[in-house]
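Here is the structure we will look at, set down as structure tokens.
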Amino acid sequence: MINRRSFIGKVAGLGAAIPLISTIPSVSKPTQNGKKPIILCSRGENWAEKVLTPGWEAFQNGKDILDAVEASARVTELDPNDASVGYGGLPNEDGVVQLDASFMDGRNHNCGSVGALENIKTPSSVARLVMERTDHIHLVGEGALRFAKAHGFPEENLLTDRSRRMWLRWKENLSDRDDRFPPEDGDYELEKRPTGTINILALDANGDLAGCTTTSGLFGKIPGRIGDSPIIGAGLYVDNEVGAAGATGRGEEILRTCGSFFVVEQMRAGKSPQEACEALCKRIIDINGGEKNVNFNDRLVAINKDGEVGCAAIRGREGREPSLSFMSEDGIRTIKGTYLIEVS
Ligand code: ASP
């Protein structure tokens with residue numbers, strides 16, 4: 001168990017150029033002057049190249065930072081094998097996939113989001129259109145769907161056979177007091193509900209920032225529930241003067257701490273992205289009354305105006321550290337973040 005004291009000690013030691021503890025990314029310097037583009041995602045090496053390459057190519061082709069962010073965000077949304085975002089994402093308790101996404105442009109504080117959006121594979125693109133084509137910020141449910149269709153998005157079934165089977169198994173596993181028999185391969189054992197979501201953050205050659213967070217949300221959620229991902233300041237926040245942050249994990253905790261806004265404001269007050277992410281993890285533990293009450297996880301990623309990045313989680317263990325990947329002129333790099341509570 002890493003107690004708070006030693007955690008803070010490690011955070012305080014981040015001034016060292018090379019972190020002494022391998023799980024602490026510390027201050028990585030992908031840019032020298034903050035003017036070299038960088039795009040990052042809240043995923044490790046398995047996804048890094050696939051997710052970051054389209055965004056990076058958009059930069060290379062002179063496209064706007066919003067195009068770069070969107071190009072990367074759509075990768076997991078369109079991938080049926082990712083069960084936490086977009087098409088193939090895990091459904092709510094009724095077996096219906098409801099997607100949440102947010103988009104923010106640091107240059108002007110413009111933002112847009114969709115919540116509980118059904119039947120559209122790429123909610124990030126719809127969130128961007130809410131930002132660019134309306135005077136609103138949030139569209140949810142039926143209204144968000146109608147807006148997407150008005151912009152030409154086709155309605156499609158988002159439930160893959162894999163996600164349907166996972167949902168059915170979860171449903172059959174829920175209780176021995178309902179009329180469903182237990183799953184053929186299990187016996188009413190409550191399993192960990194898989195989580196996911198992806199944050200994309202970018203800094204372009206002008207030193208401008210933008211970001212997107214997209215998810216299918218909490219698996220088995222009550223229909224209509226939205227998490228932190230579509231809420232500006234919770235699952236995503238971008239401020240050109242300071243930096244950008246995104247969150248994944250238990251959305252309710254991020255919501256009640258205004259998580260991404262908190263991280264950006266910590267950077268504004270002088271913390272590095274790494275320290276700022278860790279400060280939010282600590283805050284969430286504190287408002288829950290201490291580690292003993294924390295049986296969930298949240299993860300934060302952040303980048304500042306200088307291209308320094310950071311990544312932290314509440315819970316982790318060796319081999320299961322939070323990670324982030326970024327692409328810059330120097331290629332792709334994945335780094336492991338810190339965590340506050342060691343779990344077995
Ligand atoms: N933060 C997302 C939510 O609460 C879920 C996740 O990141 O796994 O909807």
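The values are calculated or read from the model by the stated rules, or taken from the named source; none is laboratory data. The structure displayed is predicted, hence computed values, not measured ones. Note that each Cβ is placed from the backbone with ideal geometry, even for glycine, and that neighbours are counted across all protein chains shown. Calculation scope for accessible area: heavy atoms of the full protein, side chains included, ligands and nucleic acids excluded. Shrake-Rupley method; radii C 1.70, N 1.55, O 1.52, S 1.80 Å.
The criterion of at least 2 residues that are basic (Lys, Arg) and open to solvent by 40 Å² or more (accessible area, probe 1.4 Å) is met, among strands (runs of 3 or more DSSP E) falling completely within the stretch 289-344, by 331-336. Taking every residue in the stretch 138-153 that is among the β-branched types (Val, Ile, Thr) and pairing it with any residue that is open to solvent by 30 Å² or more (accessible area, probe 1.4 Å) and part of a strand (DSSP E or B), at least 6 positions away or on another chain, yields no pair with a Cβ-Cβ distance below 8 Å.
Each residue in the stretch 193-228 was checked for being within 16 Å of residue 110 (Cα to Cα) and within 9 Å of the ligand (Cβ to nearest atom), and 1 of them qualify.
Sub-8 Å Cβ pairs linking a first residue in the stretch 44-60 that is open to solvent by 100 Å² or more (accessible area, probe 1.4 Å) and modelled with pLDDT under 95 to a second residue that is basic (Lys, Arg) and in a helix (DSSP H, G or I), at least 6 apart or interchain, number zero. Looking at residue 70, is it over 17 Å from residue 251 (Cβ atoms), open to solvent by 20 Å² or more (accessible area, probe 1.4 Å) and touching a Ser or Thr at 6+ places or on another chain (Cβ under 8 Å)? Against the criterion (over 17 Å from residue 251 (Cβ atoms), open to solvent by 20 Å² or more (accessible area, probe 1.4 Å) and touching a Ser or Thr at 6+ places or on another chain (Cβ under 8 Å)), residue 70 qualifies. Determine if the stretch 169-182 includes at least one residue that is open to solvent by 60 Å² or more (accessible area, probe 1.4 Å), within 16 Å of the ligand (Cβ to nearest atom), out of contact with any Pro (no Cβ under 9 Å at 6 or more places or on another chain) and not polar (S, T, N, Q). No, the stretch 169-182 has no match at all.
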